Every structure is written in C-alpha cells, then in structure tokens.
Amino acid sequence: MDLPTLKPFFEDKPELLQEILDRYPPNGRRSALMPLMWEVQRAERHIGEARLHEIAEIVGVTVTEAKGVMSFYSTFHEHPVGRFHLQVCRTLSCKLAGGDELYRALVEETGLVSGETDAEGTFSLQNVECLGSCGTGPVLQVNDTYHERVTRTRLAELFAEMRAGREPVPTRERGGDNVSADKAERVDAPDGTSVDAPDGTSVDAPDGTSDEEGGVA
Amino acid sequence: MSTVADKPAAITSRFDPRYEITLYRHVGVDGAHTLEHYRARGGYRAAEKALTEMTPTQVIDEVKASGLRGRGGAGFPAGLKWSFMPPIDGRQRFIVCNADESEPGSFKDRYLMEDDPHQLIEGMLIAGWAIQATIGVLYVRGEYYVAYERMRDAIAEARAAGLLGRGVFATEPDGEGDEATPASPGFDFDIILHRGAGAYICGEETALMNSFEGLRANPRLKPPFPAQAGVYGLPTTINNVESFCSVVHIVERGGAWYASMGTDDSKGTKLYQLSGPVARPGVYEMPMGATFRELIYDLGGGPTEPAKALIPGGSSTPLLPWSDETLDLPMDYGTMARVGSMLGTGGVIVIPESQCMVDAMANVVRFYAHESCGKCTPCREGVATWLPKMYQKLLAGLGTRDDLTLMEEMVRNLRGTAFCPLADACAMPVAASFQHFRNEYEHLVDHGAPKYPTVSRWAE
Ligand SMILES: Cc1cc2nc3c(=O)[nH]c(=O)nc-3n(C[C@H](O)[C@H](O)[C@H](O)COP(=O)(O)O)c2cc1C
Ligand code: FES
C-alpha cells in the first residue's frame, strides 16, 4: 500500500537550513530548534507531526524532546491557524483601553471564541497576554503585525480588508516621545560642523514646553 | 551628609535646562534605523573609543562610576555585574541581551529596537569588549516581529561595514619612531539574533538561556550564576536592552556626566512608560528621580478620568494609592523600595476610580497564572491554579469574608517560596491591593456585586 508522504520541508532549502545551523556555535546545534520551528510555522501556519520529526532529526534530539519544547511556547501551533490569526491582548493596560470589548466585538464578528479557527480557515481568534504595546492599546495582532489603538471604526476597516482577502496595513501609532515631529535633531554635516536637521531645531512639545536636544558632537 | 557647595545640583527633572534626551534621541524619527542615519549622528564613535582607547577594565570602571543600574527590573549595578566575570581562561564567553520585554505595562525596549537598532548593537559591542566576550546573543520576544526584522537588517549592515565580525576597529601601524602606534588586530565580535515564541518566563535570565539552547524555558537553580555558568554552561553576562543603550552614552560622555543626573541611589536617564487612562500615554525619557507628577501630568497630560491608584513599574510592582504624596515621589529605586514597592521597568499604569480593583487584580493574576512555567509547586498550585480560581469565585459573587482571609494568607505563604521570582511577581501586587483596597473586596463579597460595575472603555 502506498501511503502519501510529505516531502521534507527543508529538502529543497539546503541553503536556508545551513544558514540557520551556522548561526550557532558547533556545541550549540540544539539552539536551531526554535528557528527551524519558526520557518515551518511561517510557511505552513502550524508545525505538524511530520515536520516535528524532521526538525528533531536535523537537530539530533528525540521527537518527545522537540515536542516538549514546542508545547512550552504559546505561539507554536500544533494545528493550522486561519489565514488571519487574530490575537487580541487582554492584559491590564489594554483592558483599561477597552480590550475586553474589543474581544467581544471580535467574537461577534467572527463567530469564534478564543482558541478556535473557522471552517473555511479564514480566521483564528486567540486571547493573548501583553504584547508590549501598552501605551497604544487596545492592541490586535493580525499574523505578525500589530494594529494599535483599535477603535470600533478601525476594527470595521480591518475586517473590510480581511474579508476582501487583503492583509490589512497597520497605522503606525505613536505616543510619548515617539512623536517625531516634536523632536529636534542635529545632524553632523560632512565637514564636521553641526547643522540643524531640516525638520527644525526646536519644536514645541504637546504641552507647550520645548525640548532642546543637543547633538552628541 | 556632605553637600559640596560648588557641586551643581543633580538633574532630576526633564525640564531642567541641562537635561537632554539621550537614549530616545532617534526614536520616532523616520529612517533612524539605518546605519547611515546613525553614523551621521556620531554613531559607533563610543564603540571606537572603547575598543581603541580604553582597556576592558577602564570601560567597566566607567560604567561603575556612572552608577548605572540594570533596567530589566531588578536594578542591579551593571558595572559590578560585569566585574563578576571569571578571569579569561580560553573558554568562550557570552554577552546576552534580554529583549524579551513582556512585563505588562512595559514597552520601551521595543521602540529602541525598532527605531534605533544600531544603538543597541553598539552597546552590546562595548559590553562584549568590557567582559571580553566575542559572541553576543540578542534574544527578542517572538511577537516583536518588526523589531526582529530591524535588528536582523541592522546586524547585516553592521557586518557589511566591519562593525561586527573579525577585527572590529583594527588599525594599521601609524607613525614612526617613538610616536609610532603599533597595529591593532581589533576585536572579534558578532551577534546571534534569536527569536522567542511567547512566554513571559523567558525574560527570567536563566530561563532565557535555556530557551536559547533549545530547551523548555524553565528557570535554572542559582547559583551558579550566569557569570560562572550561563549560555551552554559558559561564562555569560546578561543585561536589558535599555542597559546596553545607556552604556553607549556613558562611554561617549563619561560616567560622571551620567551620574550628574538622578538621585543618590539611582543615576542617569531612564525610559518611563505611561499607560492607562491618561491624555498622552507613551514612553518618556526622564532623568532618574523625576516625580510621578511630572510624568503623568506635565508630560502625559494627566488622567482623563479620576484615578485611584498607580502601578509604578510594571504589573508585578505593588500599586500605590493615588494621592498628592504619591504623585510627588521621585521615581527611583530607593524611594520605591522605601514605600514598599519597586521601580521595576518604570512602566507606570494609572488605574481609574471607575475600575473595580478586584477585577483589575484578577486580570493581573490571570497573566501570571498563564505565564507560570509549572516547574515548582508553590507557583503551579498557588499562582497558576488557586489564585485565579479564587478571583473567579469572587467575581462570580460567590466569595465570603473567609475567602479574603484565606487569599491574604495564601499570598503571604507564596512569598519567597517559589523557585524563581515569578510567584512573587504575582503575590506582591495582590498583597498591595488587599492592603489599600480591601474595602472593594469586602464590598464584593458582602453584596455579591462589585462596588464599581463594568463601564465601557472602548473608543469609537
Ligand atoms: C519572571 C521574570 C521576568 C523577567 N522579564 C524580563 C524581561 O522581560 N526583560 C528584562 O530585561 N529582564 C527581565 N527580567 C530580569 C532578568 O532576569 C535580568 O535580571 C535582567 O535581564 C538583567 O538585566 P539588567 O541587569 O540590565 O536589568 C525578568 C525576571 C523575572 C524573574
Ligand atoms: S497590556 Fe496590551 S499590550 Fe501591554
């Protein structure tokens, strides 16, 4: 009987495999475990049993060990996630910016609860913990991309994009000292003298005070 | 006791005219992540100075003189930590950068990596030289994909420009006779960029090392400390992203300059993060010892609704009740310890009056429960199982006064009994919420409903 077999993932990617293995010192081959898992997951949206066997063999550990590592980390998936993996932060700062309501809106919109993927494989919904973007909450991570300050209106726009099959483009939310217009900069001119950057030397901060910044020169 | 009359007063306010934004100079500026941008503004000059004009010991002494304390949460003096490395004995040594940033309320390292990756590379290069480690490991949390890409590209740029790799800042022999400087082979240094995969515990330094080695990220028993047995069992020093970035400026401008900012036990400039209902949340760079009031009102524009508490340094640090006294406290290590809390990562979260405190703490507890690695019994049973269940019971309106006493006792028993500080990170804020807001817990169990019902917080 002919069983259908999967072509090994790294079979036709010898350079990539070598590049990953070469990142680590010879005594640290095992360090390649997670990077190899990342490659598979980015391509296939999960790490299936066969891939796990393949990776374990490459690195030289038992499948059980590889499985033990994989199961430790919440972002490695045993089963495929949807085309749009919706990861909504539910931790405190996002909660204070409406994270709970954002989650409920996502439940209504997709008909899923956290941990589920729809039958078409379009959406997966997952509650996640703090994404390190607490100043611009609530945060929704779609696949690898952060969408910050997701308002009700913005969420509707995101879904319009995704339902049309397009990866939504994030708006780059800023706050605090990340607002570049408020920052003065000095550039060292090629001749070594300091010149003021084209964006001005000293711009009023939002509160009306002025941040003077000196060059390091 | 000694006040030297002609010594200028230390800078402890962002509005002091002598204060300059330093770590965050390039953040938020378009294109700042490129090598070209960085070098045009004096980038890598500090590394060149360290590697060509200073001995490793001199670099460590400068960092000691600066008073820099680690910015990853514990505030351990950086120069002192570097001096713990064993004498050079031919074994590979590692310098590790902890970029796992996952303590709720903390979001400074992400912007440093996204917008100024070369500053971090330069800091790691200098630190590598100081402890004579030729391999740097940069462990970035898995969710930070933009930061990962920016760091990957910046490392490639630095390699191509000879700022990483073999013979960094190698020199030809120069001059003749007595004036001659001999050729220098330069310093061999490269960085391995490694992505995590979503586990808060990977921020704990020994768990991070296990994770890097391709193991489950359980913490290791200490001692041995990383300096003795770190990555692959070899001598290792680990610091936070912001710590490395600070070192660049300490080398460039001197430890004394750095120490001219801050308070007695906390020196330099620091990235504070502000979240919760305030007009302008975000990361603000301020000198150590600036007050909560300066951060929350002068920079952050003040709360958008009445507040009742603030969390000073990430969700593991015990909250402080909102008051004029609290707002006027300097945000430094010593002061926070004195008032029974911690500076942590400097991630300030404002908690509004209308937010049920029990509900807020249930959220914090759920985080630590979710992130417990399950290795040791107190944390697995206490943090990951019991506490969240107790909060569920309370919020369902089924709690009793006895439950409250039980919870307080449990939290006391958790303190200091777990294998790593994660359990304390959960127990401390819970204890503080009981200390300051027991009335809300009591209201909930007595009435079966919270004192502050849920309100909508989501913007249209
Ligand atoms: C549970 C736990 C989580 C931690 N998470 C982080 C983290 O995300 N980032 C970080 O820099 N340090 C974190 N730390 C602190 C590190 O263990 C370590 O002290 C720090 O990286 C040392 O760097 P520093 O001396 O420059 O602060 C964590 C510690 C514990 C116990
Ligand atoms: S709480 Fe949501 S990103 Fe930190």
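The values are calculated or read from the model by the stated rules, or taken from the named source; none is laboratory data. Quantities reported herein were computed from a predicted structural model and do not represent experimental measurements. Cβ coordinates were reconstructed from backbone atoms using ideal geometry, including for glycine residues, and neighbour counts include every protein chain displayed.
Let's see how each residue does on (1) crowded, with 17+ Cβ neighbours inside 10 Å; (2) within 14 Å of chain B (Cβ to nearest Cβ):
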| residue | (1), (2) |
| --- | --- |
| A:His46 | no, yes |
| A:Ala66 | yes, yes |
| A:Val69 | yes, yes |
| A:Tyr73 | yes, yes |
| A:Leu92 | yes, yes |
| A:Leu112 | yes, no |
| A:Glu120 | no, no |
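One residue stands out among those in segment B:28-53 that are part of a loop (DSSP other than H, G, I, E, B) and of a type in the set (Ser, Thr, Tyr): the one that is farthest from the other protein chains (Cβ to nearest Cβ), which is B:Thr34.
When segment A:75-90 is limited to residues that are within 13 Å of chain B (Cβ to nearest Cβ) and either in contact with a Cys (Cβ under 8 Å, 6 or more places away or on another chain) or within 16 Å of ligand 2 (Cβ to nearest atom) (or both), the one that is farthest from B:Ser354 (Cα to Cα) turns out to be A:Thr75.
Consider segment B:175-191 and keep the residues that are of a type in the set (A, V, I, L, M) and at pLDDT 75 or above. The one that is nearest to B:Lys49 (Cα to Cα) is B:Ala183. For segment B:174-223, filtered to residues that are more than 14 Å from chain A (Cβ to nearest Cβ) and within 16 Å of ligand 1 (Cβ to nearest atom), the residue that is farthest from B:Val140 (Cα to Cα) is B:Pro223.
So, B:Ala427, is that one within 14 Å of chain A (Cβ to nearest Cβ) and not in a loop (DSSP other than H, G, I, E, B) or not?
Considered against the rule, which asks whether it is within 14 Å of chain A (Cβ to nearest Cβ) and not in a loop (DSSP other than H, G, I, E, B), B:Ala427 comes out as no.
Note down all Cβ pairs under 6 Å where the first residue falls in segment A:133-154 and is closer than 12 Å to A:Phe84 by Cα and among the polar types (S, T, N, Q), the second is within 14 Å of ligand 2 (Cβ to nearest atom) and part of a strand (DSSP E or B), and they're at least six residues apart or on different chains. Short answer, once both residue conditions are applied: A:Gln141/A:Gln87.
Of the listed requirements (1) in contact (Cβ under 8 Å) with a residue 60 or more places away in the chain; (2) buried (at least 21 other Cβ atoms within 10 Å of the Cβ), B:Leu164 misses just one: (1). Residues considered: A:Arg166, A:Arg149, A:Arg172. Of these, the only one that is more than 16 Å from ligand 2 (Cβ to nearest atom) and in a loop (DSSP other than H, G, I, E, B) is A:Arg166.
Taken over segment B:276-301, the criterion of being crowded, with 24+ Cβ neighbours inside 10 Å, assigned to a loop (DSSP other than H, G, I, E, B) and within 7 Å of chain A (Cβ to nearest Cβ) is satisfied by B:Gly276, B:Pro281. Restricting the first member to segment B:440-460 and to residues that are more than 14 Å from chain A (Cβ to nearest Cβ), and the second to residues that are surrounded by fewer than 16 Cβ atoms within 10 Å (Cβ to Cβ) and of a type in the set (Val, Ile, Thr), the beta-carbon pairs closer than 9 Å and six or more apart or on different chains are B:Val445/B:Thr400.
If you take the residues of segment B:224-234 that are within 14 Å of chain A (Cβ to nearest Cβ) and in contact (Cβ under 8 Å) with a residue 60 or more places away in the chain, which of them is nearest to ligand 1 (Cβ to nearest atom)? Within segment B:224-234, the match that is nearest to ligand 1 (Cβ to nearest atom) is B:Gly230. In segment B:125-173, which residue that is among the polar types (S, T, N, Q) and more than 11 Å from every other protein chain (Cβ to nearest Cβ) is nearest to B:Ala40 (Cα to Cα)? Only one residue fits best here, namely B:Thr171. Across segment A:135-153, the number of residues qualifying as within 9 Å of chain B (Cβ to nearest Cβ) and either in contact with a Cys (Cβ under 7 Å, 6 or more places away or on another chain) or of a type in the set (Phe, Trp, Tyr) (or both) comes to 3. Among the candidates A:Leu131, A:Leu102, the residue that is within 30 Å of B:Ala309 (Cα to Cα) and within 16 Å of ligand 1 (Cβ to nearest atom) is uniquely A:Leu131. The C-beta contact set for segment B:90-112 (first residue more than 10 Å from chain A (Cβ to nearest Cβ), second residue of a type in the set (Gly, Ala, Ser) and part of a loop (DSSP other than H, G, I, E, B), distance under 6 angstrom, 6+ apart or interchain) comprises B:Arg93/B:Ala133; B:Ile95/B:Ala133; B:Asn98/B:Gly72.
For the condition within 14 Å of another protein chain (Cβ to nearest Cβ) and more than 14 Å from ligand 2 (Cβ to nearest atom), A:Val128 does not qualify. The set of residues from segment B:61-74 being surrounded by fewer than 22 Cβ atoms within 10 Å (Cβ to Cβ) and either within 14 Å of another protein chain (Cβ to nearest Cβ) or in contact with a Leu (Cβ under 9 Å, 6 or more places away or on another chain) (or both) comprises just one member, B:Lys64. Of the residues contained in segment B:449-458, none is found to be under 18 Å from B:Arg366 (Cα atoms), buried (at least 17 other Cβ atoms within 10 Å of the Cβ) and either in contact with a Gly (Cβ under 9 Å, 6 or more places away or on another chain) or not aromatic (Phe, Trp, Tyr) (or both). Selection of segment B:211-241 for residues being closer than 17 Å to B:Phe94 by Cβ, at pLDDT 95 or above and surrounded by fewer than 22 Cβ atoms within 10 Å (Cβ to Cβ) yields B:Glu213, B:Leu215, B:Arg220, B:Pro224, B:Phe225, B:Ala227, B:Gln228, B:Ala229, B:Tyr232, B:Gly233, B:Leu234. Take the residues of segment B:180-196 that are within 19 Å of the chain's Cα centre (by Cα) and more than 16 Å from B:Asn239 (Cα to Cα): which is surrounded by the fewest Cβ atoms within 10 Å (Cβ to Cβ)? Restricting to residues being within 19 Å of the chain's Cα centre (by Cα) and more than 16 Å from B:Asn239 (Cα to Cα), the top hit is B:Arg195. Filtering segment B:373-387 to residues that are buried (at least 22 other Cβ atoms within 10 Å of the Cβ) and within 12 Å of another protein chain (Cβ to nearest Cβ) leaves only B:Cys373.
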